[in-house]
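Only one structure is covered here, and it is reproduced in the block below.
The values are calculated or read from the model by the stated rules, or taken from the named source; none is laboratory data. Worth saying up front: this structure is predicted, and the values here are computed from it rather than measured. Here the Cβ positions follow ideal geometry from the backbone for every residue, glycine too, while neighbour counts run over all protein chains shown. The accessibility values were calculated without ligands, DNA or RNA, using every heavy atom of the protein model including side chains. Shrake-Rupley method; radii C 1.70, N 1.55, O 1.52, S 1.80 Å.
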Amino acid sequence: MTPLPTLLVIAKEPRPGRVKTRLTPPFTPHEAAALAEAALADTLDAVARTPAHRRVLVLEGEPGPWLPPGFEVVRQCPGGLDERLAAAFAHCAGPALLIGMDTPQVTPELLAVDFADCDAYFGPAEDGGFWALGLADPDPALLLGVPMSTPRTGAVQRARLTGLRVRELPRLRDVDTANDAELVAKTAPTGRFAAQLAHLTAADR
């Protein structure tokens with residue numbers, strides 16, 4: 001029987017001025033942080049409801065009341081994002097799936113990966129990056145040196161998986177801009193993120 005994977009969430013503590021800075025304007029830094037917290041809470045809730053060997057939050061900052069029970073918290077290492085992602089996988093001895101905090105529309109169904117007859121999972125993002133990466137044999141070298149936060153990030157990371165048996169996950173939209181926030185909220189209208197966005201936009205009217 002294929003072992004359950006470790007589910008990794010890499011995230012920043014949702015502090016004003018430190019997260020979702022591309023949402024300001026139109027939102028204030030405190031409003032952007034509130035949206036980030038809601039996105040993170042939705043993401044962690046989906047992970048908590050997904051069968052897993054371990055659930056690990058790889059965090060920059062301090063845990064808050066948004067953290068549900070059942071998660072290990074690991075500090076992000078110093079360095080670039082490629083180094084931090086590689087280090088997250090280095091904590092895993094078996095299959096692992098890593099996601100970020102920018103896709104609050106994720107569901108347990110999307111995250112319930114099975115590595116039987118499969119070496120990797122890859123979830124492309126609309127902005128050219130990727131929202132999920134799964135490795136049956138976590139090798140940090142597969143991430144080191146990948147240029148992050150560029151329109152080519154996803155293509156470069158996908159090319160690193162050449163020679164592996166890869167299953168593609170659906171393309172999702174990251175929340176980076178206010179337009180992204182509106183579109184993502186429509187795909188998950190019952191989540192905390194959609195509720196927080198509706199609250200903030202109603203207050204602006």
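Would you kindly give the portion of the calculated P(r) for region 106-166 that falls above 15 Å, as a percent of all Cα pairs? Considering region 106-166, 50 percent of its Cα-Cα pairs are separated by more than 15 Å. Largest accessible area first, the residues Asp127, Asp180 order themselves as Asp127, Asp180 under a 1.4 Å probe with ligands, DNA and RNA left out.
Relative to the longest principal axis of the Cα atoms of the chain, the long axis of helix 29-48 makes an angle of roughly 40 degrees. To the nearest ten degrees, helix 81-90 and the longest principal axis of the Cα atoms of the chain are 50 degrees apart.
Computed over all pairs of different Cα atoms, the Kirkwood value for the hydrodynamic radius of the chain is 17.1 Å. Between the helical axis of 178-187 and the longest alpha-carbon principal axis of the chain there is an angle of about 70 degrees. Taken about its Cα centre, the chain carries a charge dipole of about 100 debye when Lys and Arg each add +1 at the Cβ and Asp and Glu each add -1 at the Cβ. Treating r as the C-beta distance of Asp139 and Ala198 and R0 as 41 Å, the FRET efficiency rounds to 0.45.
Rounded, prolate or oblate: which fits region 42-152 when a ≥ b ≥ c are the square roots of the eigenvalues of the alpha-carbon gyration tensor, with rounded for a/c under 1.5 and prolate only if a/b beats b/c? Rounded, since a/c falls under 1.5.
Within region 76-205, antiparallel bridges make up roughly 70 percent of the DSSP beta bridges whose residues both belong there.
Ranked by the mean number of other Cβ atoms within 10 Å of their residues, highest first, the peptides 94-104, 137-147, 63-73 come out as 94-104, 137-147, 63-73.
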